[in-house]
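Contents: one structure, followed by commentary.
What follows draws every value from the coordinates through simple rules; no lab data is involved. The shown structure was predicted, so the numbers you read here are calculated from the model rather than taken from an experiment. Note: ideal-geometry Cβ built from the backbone for every residue, glycine included; neighbour counts use all protein chains shown.
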Amino acid sequence: MAHKTPLYDKHIEHGGKIVDFAGWEMPIHYGSQIEEHHQVRRDAGMFDVSHMTVVDLKGAQVGDFLKLLLANNVDKLGTEGKALYSCMLNAKGGVIDDLIVYYMNDEFFRVVVNAATRDKDMAWIETTAREMGGVTVTERADLAMIAVQGPKAREKAFTALGDGIRVVAEPLKPFTAASVGELFVARTGYTGEDGFEIMLPGKAAAFTWQMLFDAGVAPCGLGARDTLRLEAGMNLYGTDMDETTTPLESGLGWTVAWEPEARNFIGRSALEAQRDAGLERKFVGLVLDGKGVLRGHQQVTFDGLGEGETTSGTFSPTLGRAIALARVPVGVKIGDSCQVDIRGRSVDAHIVKYPFVRKGKSCID
């Protein structure tokens, strides 16, 4: 039986079209995916992301544990509420999952991992924690999470949730968070727009959702969330990277902290070997020149340079054309032309630097 978040009844009330997503009954849209996409780019929308897994890690050894577990280095943190994006790797350098980790204090970090990878993530984290010792792992199934995103998201969130939230959350810089009573408010997101991701007790989720709705924040489904994140050039686990690909060939080399050299995080030796040997593939953006729809796992061909593959693709509502992320031969350059196989038909496209859209504006020619 599929799981339901504490906001399921609100999705039904607002006319959400419910689909199965990673074992959860979630809204794909509330009538128009494209309208919801534009709502976030131009105003403010909210997403139920309570299906994601929140894990609290505590103990005297938790800092050392995370320096082993993650490719990025939590030593970059140190201020309460500061956040870090990282990949969690296997011994071969493959991506088990990508996640955000929040520093609460020296003996308390909070991690948010993907819903679709919950079981393997928890098994990996718990096994590694037992081997190290000195770390307790607590899944916070009691929490819900609402993402409020868009150029007017923060102001509308303050209107909905009151001056108490405004005083604490208004000064927050991107990738920082603060606790306000029972709410944990993070200035993070997955749309390329400003806003908050708010963790709160599940029992308070429906009331909070309604307050945001009354303040003019529109409910948005997973469909718009995917087109928004792709326009913003953000990876999706299981599509743009997985356990067979490394961060270095997935556009995520910036999340690997090589210094200090003595930090021997899981997968480091495999990444060093790949780096030193030279990459064969790299991650790029791709724009279709004519009509058609790009999807994941379509073959991309370059004259004289071989073949690549789209990893995820969509029609961009903001740009009015098809876009994709792709893994291609390392010799490919920005501006190069290519052909994409769309159901046996060869369609012209060209390589661009992503993100495709930033703050509602096109980043490509």
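The packing ranking of peptides 238-248, 322-332, highest mean first, is 322-332, 238-248, where packing means the average number of other beta carbon atoms within 10 angstrom of each residue. Length gained on full extension, Lys120 to Phe108, computed as 0.36 nm times the residue gap minus the Cα-Cα distance: 2.1 nm.
Report relative contact order for the stretch 110-210 in percent, whole number only (criteria: Cα-Cα under 8 Å, sequence separation at least 6). Across the stretch 110-210, relative contact order equals 27 percent.
Kindly list the residues of the stretch 310-350 that lie in the label zone of Asp365, defined by a backbone N under 13 Å from the point 7 Å along the Cα-to-C-beta vector. In the stretch 310-350, the label zone of Asp365 (backbone N under 13 Å from the point 7 Å along Cα→Cβ) covers 334-337, 350.
If you average the C-alpha positions of the stretch 313-365 and of the stretch 253-288 separately, how far apart do those two centres end up, in angstrom? Between the Cα centre of the stretch 313-365 and that of the stretch 253-288, the gap is 23 Å. Distance between the 7 Å Cα→Cβ label points at Thr127 and Ile34: 4.7 nm. Using the alpha carbons alone, the radius of gyration of the stretch 300-365 stands to its Kirkwood radius in an Rg to Rh ratio of 0.96. Here the gap between Ala273 and Asp20, fully extended at 0.36 nm per residue and compared with their Cα-Cα distance, gives a gain of 87.1 nm.
Extension gain for Trp258 to Asp75 (0.36 nm times residue separation, less C-alpha to C-alpha distance): 64.7 nm. Please list log₁₀ I(q)/I(0) at q = 0.08, 0.09, 0.10, 0.14 Å⁻¹ for the chain, using the Debye equation with identical point scatterers on the alpha-carbon positions. So the normalised log intensities work out to -0.41, -0.52, -0.64, -1.25. Here the stretch 51-88 and the stretch 118-147 have alpha carbon centers that stand 11 Å from each other. Here the sum of -39500 (n - 2.57) over DSSP H runs of 4 or more residues, divided by the residues of the chain, equals -6500 deg cm²/dmol at 222 nm, to the nearest 500.
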